[in-house]
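Below is one structure, written out as structure tokens; the observations come after it.
Bear in mind that the values in this text are calculations on the coordinates, not laboratory data. The structure displayed is predicted, hence computed values, not measured ones. In this analysis, Cβ positions are derived from the backbone assuming ideal geometry, glycine residues included, and neighbour counts consider all displayed protein chains.
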């Protein structure tokens, strides 16, 4: 049976007994999974539960050690993603597979036979516009990819899969980097696609309300095995989280009261340029004391990246001052700031926070190579660093068969734990954290938030920059909504209402009577 002949409600893709082993770990252990035409079947699990491995097997990037894949009841073998694409399987990657210097339309048709030997951009544009009208997509096909938001880049990935004839759409963390508005538009489009009998498989770790809203069925993986397969109508956030983690999960971290210490960081009228040369940060001023969390809330692209990079010593300051412990550090280097006790956890754990081809020991070294306890007479003491790495792996629950494996072998959540561990193990006086829980599962999110609270209790000052409004409101002693490079105000945490802050990050100021 051809995939196009499968009717709504019939099984379109089935995996039976899928097993995949890597050195020291069984990533998938006899997994059974199916999806029907017109269905949204979500796959949940902690970081490292085996979701990514299963996804890559269903898309032909990996071949299973055991088990079979069936399409329309017929067994198939994928030698590569090209085989999966030819049989109607499409993939929307969390980390975009796009050529940033090319246009949207060029990325969509790139390398696909449907484009023809001689490119006919006008015909391709017409075909792609049909998909846009059908599913409510809005995008400039002639724009360069580097000019797009994360939501628009994801839309390019979806259109690329649809253009190639996808009937089953596998989506890796579809809403992890999207704004609330972009998320809402995506969900509407997904629902429209299923009405057209497409089958959608979103692989998600943490946004359980979205899972419950859009999915028909939910399969939960834990440690490589299927532990539950339930109808969404019969599930709750708490029940799903418990299946994912194997215990009860506390969804809301309580703001703790800590006696505030002396002022630690003072930022005065800070001005910073973006990569494109315009003023991204426009005269921002604030201060952080010992034992408090200062939260910056906002939609991506409003100056947060430029702010944290300037404070970490990674971006030039155009105007204003940065003062740490009564000493001006505006033009000091990132290394000098590390040595003063300023820790930085970047949003991009893959390209900025770690070196993929370095071992976990070598990645830990990145925060210790300048420390006299680990560096003597021009040589690093790798024995000592290895012992430290083993200690922080154990303390922070990093799932890894060895401290000598490469960082790229870790799941996103475990890599984030490693970065957090190596920074916090130095007991920084000021901790700058940018999107610390983005893309993490509920268990890892709970863990990271608790570590930020612990740092506060140990009298560190914490600058928390997050696009998760619930996270900001739950943890912050002070909340600063940022819009177009400026703070819309600084609100005491206990007085920061969701409606007020939500309006301010959109550039709207509300009176108390309007809330």
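Report the label-to-label distance for residue 16 and residue 93 in nanometres (one decimal), using points 7 Å from each Cα along the Cα→Cβ vector.
Distance between label points: 3.2 nm.
Considering all projection directions equally, how large on average is the shadow of the alpha-carbon convex hull of segment 1-154, in square nanometres?
Values: hull surface 44.1 nm².
If you wrap the Cα atoms of segment 1-154 in a convex hull and average its projections, you get 11.0 nm².
How large is the helix-only mean residue ellipticity at 222 nm for the chain, computed as the sum of -39500 (n - 2.57) over DSSP H runs with n ≥ 4, divided by its residue count, in deg cm²/dmol to the nearest 500? Each step should come with its number before you reach the end.
Numbers: 16 runs with 160 residues, N = 515.
About -9000 deg cm²/dmol.
Within segment 283-304, name every residue whose backbone N is under 20 Å away from a label modeled 7 Å from Cα of residue 276 along the Cβ vector.
Answer for segment 283-304: 283, 298-304.
For residue 233 and residue 334, calculate 0.36 nm times their separation in residues minus their Cα-Cα distance, and state this gained length in nm to one decimal.
31.3 nm
Helix 412-424 sits at what angle to the longest principal axis of the chain, using alpha carbons and giving 0 to 90 degrees rounded to 10?
With both axes taken from Cα atoms, the answer is about 10 degrees.
Label 7 Å along Cα→Cβ of residue 7; segment 36-53 residues with amide nitrogen under 17 Å?
Hits in segment 36-53 for residue 7 at 17 Å: 36-39.
Averaging sequence separations of C-alpha pairs under 8 Å and six or more residues apart, then dividing by the length of segment 120-217, give the relative contact order as a whole percent.
Relative contact order, segment 120-217: 29 percent.
By its C-alpha gyration tensor, with a ≥ b ≥ c as the square roots of the eigenvalues, how is segment 350-427 shaped: rounded for a/c under 1.5, else prolate for a/b larger than b/c, else oblate?
prolate
If I fit a long axis through the Cα atoms of helix 150-163 and take the longest principal axis of the Cα atoms of the chain, what angle between them do I get, 0 to 90°, rounded to 10?
The two axes meet at around 10 degrees.
If you stretched the chain out fully between residue 404 and residue 82, how much longer would it get, using 0.36 nm times the residue separation minus the C-alpha to C-alpha distance?
On the way: separation 322, 0.36 × 322 = 115.92 nm, distance 3.36 nm.
This chain segment gains 112.6 nm when fully extended.
How big, on average over all directions, is the shadow cast by the Cα convex hull of the chain, in nm²?
Values: hull surface 103.0 nm².
Projected over every direction and averaged, the Cα hull of the chain covers 25.8 nm².
If you take the beta carbon distance between residue 212 and residue 257 as r and set R0 to 25 Å, what does 1/(1 + (r/R0)^6) give as a FRET efficiency, to the nearest 0.05?
Details: r = 33 Å, r/R0 = 1.34.
That gives a FRET efficiency of 0.15.
Sort segment 257-337 into rounded, prolate or oblate with this rule: let a ≥ b ≥ c be the square roots of the eigenvalues of the Cα gyration tensor; rounded if a/c is under 1.5, and if a/c is not under 1.5, prolate when a/b is larger than b/c, oblate otherwise.
Numbers: a/c = 2.12, a/b = 1.41, b/c = 1.51.
Oblate.
Along Cα→Cβ, 7 Å out, is where each label goes; now give me the distance between the ones at residue 133 and residue 509 in nm to one decimal.
4.5 nm
May I ask you to list the residues of segment 306-325 whose amide nitrogen lies under 20 Å from a point 7 Å from Cα along the Cα→beta-carbon direction of residue 143?
Within reach of a label on residue 143: 306.
Each label point is 7 Å from the Cα along the Cα-to-Cβ direction; what then is the distance between the points at residue 121 and residue 380, in nm?
4.7 nm
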